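Below: the structure, in structure tokens.
The values are calculated or read from the model by the stated rules, or taken from the named source; none is laboratory data. Values in this document were obtained by computation on a predicted structure and should not be read as measured data. Here Cβ is always computed from backbone atoms with ideal geometry, including for glycine, and neighbour counts include all displayed protein chains. These accessible areas exclude ligands, DNA and RNA; they are computed on the full protein's heavy atoms, side chains included. Shrake-Rupley method; radii C 1.70, N 1.55, O 1.52, S 1.80 Å.
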Amino acid sequence: MIFTSDKLRSQAAKTLQQIAFEGRSANDLLATIEFDNPADTSLFKSLVLNACRYFDRLEAAINQLLQKPLRNKDSDVLCLLVIGLYQLQYSRIPDHAAIAETVEACEQFKKPWAKKLINGVLRNYLRQKEEITRKLDQNWDTKFSMPEWLIGKIKQSYRAKEHKGKVAEILEASNQQAPLTLRVNLSKTSREDYLALLNKSEIEVSSHSLVKSAIVLDTPVSVTKLPKFSEGWVSVQDAAAQMSAWILQPEAGMEILDACSAPGGKTAHLLEFSNNEIELTAIDIDDRRCERIEENLERLQLDAQVICYDAIEYLKETNQQFDQILLDVPCSATGVIRRHPDIKLLRRESDIDELVLIQKSMLEQAWRALKPNGKLLYATCSVLQQENSEQIKAFMDSNADAELMGFDKELAELSNSEIGLQILPNQLQMDGFYYCLLTKQAVDK
């Protein structure tokens with residue numbers, strides 16, 4: 001759907017309303033909306049995502065400025081106010097332009113009474129900004145714009161003495177803009193040679209200090225500007241997500257399963273690592289996401305068997321045994337909030353226990369499909385120990401043939417967990433991620 005620039009802020013408010021009050025995914029919504037000017041599309045996406053990032057804080061500020069709360073049926077007006085306040089507090093848009101454009105956007109809602117309200121709230125915010133900010137900073141939920149229940153979960157995970165200060169670091173990092181990180185296809189070129197190509201294109205980058213296939217861009221660019229992108233020389237993937245192939249180190253001829261594999265970044269990296277000489281099965285439950293796996297593999301000229309099916313059901317039904325299994329389980333995604341700020345609005349406390357049960361079931365079923373002496377890499381993009389080290393400890397307590405494998409010294413020193421490898425958001429410019437590598441001991445007959 002293509003819109004004109006005069007609809008930019010009203011459409012941003014409507015999209016935010018669908019996320020905050022209808023539980024829609026930002027990615028899904030943003031993929032369907034464009035403006036006739038590409039710069040407007042970029043601004044629109046920025047407004048929506050950053051309004052999600054600071055929604056709780058900005059809503060609290062609005063409540064301080066309203067004489068009486070808005071009615072439920074006026075959630076569109078609330079969202080327009082959030083969009084307006086975001087511009088005043090965090091963007092480079094001049095205050096007068098932000099106020100004028102936000103007030104004018106009311107025309108699209110057919111609520112003429114809201115013009116005066118929005119104008120008054122935004123102008124009063126500028127007058128009272130210092131006092132409002134002081135009040136908001138007194139409580140962690142409004143200071144970091146994070147649901148109180150989630151802060152409690154993070155505190156529970158990092159309450160030990162050795163984790164002092166980690167909770168605030170996680171909350172702060174979750175509000176930062178994530179860098180654009182690339183994965184160089186080392187089966188086609190070296191990282192050094194690709195860096196040279198980027199330098200020729202005047203794209204400023206640096207090599208990631210830990211992950212040998214990763215390059216971090218100083219400023220994000222469109223993939224269309226990346227040299228040899230269409231020929232499969234490079235992909236967009238966070239450095240922490242790239243670790244899976246480096247940890248498993250698949251060898252030619254191995255049978256490997258990538259469960260919950262969409263959009264296919266880790267699948268492709270396993271194939272690149274092994275020069276496309278492994279037999280890889282990629283599973284995902286969603287048709288559209290499976291199409292994305294196929295598209296990524298085609299661009300990278302890689303081969304895998306892609307099966308669109310429920311991973312747990314597949315694992316229950318298959319008689320195949322695998323040398324290696326990458327089990328990237330559904331999780332709270334609390335380690336990637338900086339990339340997907342709508343998680344703050346979409347996730348519910350009850351989701352965590354439900355996800356833990358799904359993870360437990362997937363672990364148990366995947367273990368059945370692993371060959372003796374095979375390796376299983378459990379992965380999440382979560383920072384919650386309930387989904388990570390506690391999940392693994394419970395699994396090992398009930399599976400005597402599961403043996404914990406260590407990481408090399410450089411990785412082990414990064415970890416914020418006694419069991420497995422826990423990376424926190426923005427640690428070495430990476431997303432929050434958890435890995436645990438298990439091997440299945442052969443049973444003597």
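Scoring residue 236 on the criteria (1) of a type in the set (A, V, I, L, M, F, W, C); (2) free of Cβ contacts under 8 Å to residues at least 60 places away in the same chain; (3) over 27 Å from residue 330 (Cα atoms); (4) open to solvent by 30 Å² or more (accessible area, probe 1.4 Å) leaves a single failure, condition (3).
If you go through the range 167-182 and keep only what is closer than 11 Å to residue 140 by Cβ and among the small types (Gly, Ala, Ser), you end up with just 168. Based on what the data block shows, is residue 76 of a type in the set (Asp, Glu), out of contact with any Ser or Thr (no Cβ under 8 Å at 6 or more places or on another chain) and closer than 14 Å to residue 20 by Cβ? Yes; evaluated as a whole, the condition is true for this residue. Within the range 57-72, no residue that is over 16 Å from residue 147 (Cβ atoms) and open to solvent by 50 Å² or more (accessible area, probe 1.4 Å) sits with its Cβ atom under 6 Å from a residue that is at pLDDT below 95 and hydroxyl-bearing (Ser, Thr, Tyr) at 6+ positions apart or across chains. Contact map, the range 12-37: residues that are among the polar types (S, T, N, Q) paired with residues that are at pLDDT below 95, Cβ distance under 7 Å, separation 6+ or inter-chain. Pairs shown: 32/1; 37/5. Note on the range 280-305: residues that are within 23 Å of the chain's Cα centre (by Cα), of a type in the set (A, V, I, L, M) and under 20 Å from residue 269 (Cα atoms) amount to 5.
Let me spell it out: the conditions are (1) over 26 Å from residue 139 (Cα atoms); (2) under 32 Å from the mean Cα position of the chain (by Cα); (3) open to solvent by 60 Å² or more (accessible area, probe 1.4 Å), and residue 105 meets all of them except one. Which number is the exception? Here residue 105 meets the rest and fails (3).
Pairing residues of the range 292-309 that are under 19 Å from residue 228 (Cα atoms) with residues that are open to solvent by less than 40 Å² (accessible area, probe 1.4 Å) and part of a helix (DSSP H, G or I), at Cβ distances under 6 Å and at least 6 apart in sequence or on separate chains, gives 296/268; 300/268; 302/268; 302/271.
Mind listing whichever residues of the range 161-203 are farther than 22 Å from residue 299 by Cβ and touching a strand residue (DSSP E or B) at 6+ places or on another chain (Cβ under 7 Å)? Correct list: 179 only.
For every residue, the table says whether it meets (1) at pLDDT below 95; (2) under 30 Å from residue 86 (Cα atoms).
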| position | (1), (2) |
| --- | --- |
| 263 | yes, no |
| 286 | yes, no |
| 300 | no, no |
| 346 | no, yes |
| 351 | no, yes |
| 375 | no, no |
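Does residue 167 meet the test of being under 23 Å from the mean Cα position of the chain (by Cα) and under 12 Å from residue 226 (Cβ atoms)? Considered against the rule, which asks whether it is under 23 Å from the mean Cα position of the chain (by Cα) and under 12 Å from residue 226 (Cβ atoms), residue 167 comes out as no. Tallying residues that are in contact (Cβ under 8 Å) with a residue 24 or more places away in the chain and either not charged (D, E, K, R) or not in a helix (DSSP H, G or I) (or both) within the range 79-113 yields 21. The number of residues in the range 416-433 being closer than 14 Å to residue 174 by Cβ and assigned to a loop (DSSP other than H, G, I, E, B) comes to 6.
Scanning the range 114-149 for residues that are touching a Lys or Arg at 6+ places or on another chain (Cβ under 7 Å), assigned to a helix (DSSP H, G or I) and either open to solvent by 70 Å² or more (accessible area, probe 1.4 Å) or among the hydrophobic types (A, V, I, L, M, F, W, C) (or both) yields one hit, 136. Considering only the range 175-198, state which residues are assigned to a strand (DSSP E or B) and either without any contact (Cβ under 8 Å) to a residue 60 or more places away in the chain or surrounded by fewer than 17 Cβ atoms within 10 Å (Cβ to Cβ) (or both). Passing the criteria: 182, 184. Taken over the range 253-280, residues that are more than 12 Å from residue 187 (Cβ to Cβ), assigned to a loop (DSSP other than H, G, I, E, B) and open to solvent by 50 Å² or more (accessible area, probe 1.4 Å) amount to 2. With the condition kept exactly as written, say whether any residue in the range 375-386 is touching a residue at least 24 places away in the same chain (Cβ under 8 Å), within 30 Å of residue 59 (Cβ to Cβ) and in contact with an Asp or Glu (Cβ under 7 Å, 6 or more places away or on another chain). Yes, the range 375-386 has at least one match.
Where strands (runs of 3 or more DSSP E) sit wholly within the range 290-385, those with at least 3 residues that are surrounded by fewer than 19 Cβ atoms within 10 Å (Cβ to Cβ) and not hydrophobic (A, V, I, L, M, F, W, C) occupy 370-380. For the range 39-69, the set of residues classified as part of a helix (DSSP H, G or I) and among the polar types (S, T, N, Q) consists of 41, 42, 46, 50, 63, 64, listed by residue number.
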